[in-house]
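Structure record follows, encoded as structure tokens.
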Amino acid sequence: MARVILVVDDEPLILHVTVGMLEDLGCEVIAASNGLEALEKLSAEPRVQVLITDINTPGMDGYELAEAAMNVRDSLKVIMLSGRVGDGHGFPLIRKPFLQKDLIKTMAAHTGLC
């Protein structure tokens, strides 16, 4: 059974590409464009195991989202994405732009692959 990944990015192209990369790896992917939408989807889908979120999102940044999401599901694994911020605040960080191999490497080391 494929792992269920929730991906959050306010940039539609990056969201689309990231979803495609994860689907190519065999993941089941749920996409959200902001933190509030992500929390709604996380609450509605108990199978989500991993959250991959951009740090710089409007309204609720990735750090705030990670904290709120882990309050909903304490076993949730989190990976941060950023093209500007250099610190994941204790979470694994993938620098944008990234390749599928970067995603695979980080997932393998921190969350397991699909």
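The values are calculated or read from the model by the stated rules, or taken from the named source; none is laboratory data. Everything quoted here is computed from the prediction, not taken from an experiment. Positions of Cβ are backbone-derived with ideal geometry, glycine not excepted, and every protein chain shown enters the neighbour counts.
Structure summary
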quantity	calculated
Within the stretch 1-16, considering residues that are among the hydrophobic types (A, V, I, L, M, F, W, C) and within 16 Å of L51 (Cα to Cα), the one modelled with the lowest pLDDT	A2
Yes/no for R47 being surrounded by fewer than 17 Cβ atoms within 10 Å (Cβ to Cβ), at negative phi, in contact with a helix residue (DSSP H, G or I) (Cβ under 9 Å, 6 or more places away or on another chain) and basic (K, R)	no
Given (1) closer than 20 Å to K101 by Cα; (2) polar (S, T, N, Q); (3) part of a strand (DSSP E or B); (4) out of contact with any Gly (no Cβ under 6 Å at 6 or more places or on another chain), index of the condition Q49 fails	(1)
Residue that is surrounded by the most Cβ atoms within 10 Å (Cβ to Cβ) [pool: residues in the stretch 71-90 that are in contact with a helix residue (DSSP H, G or I) (Cβ under 7 Å, 6 or more places away or on another chain) and under 17 Å from L113 (Cα atoms)]	M80
Residue selected from the stretch 66-90 under the condition outside any helix (DSSP H, G or I) and touching a strand residue (DSSP E or B) at 6+ places or on another chain (Cβ under 6 Å), by the criterion nearest to M107 (Cα to Cα)	I79
In the stretch 50-65, the residues that are under 17 Å from H110 (Cβ atoms) and of a type in the set (V, I, T)	V50, I52, T53, I55
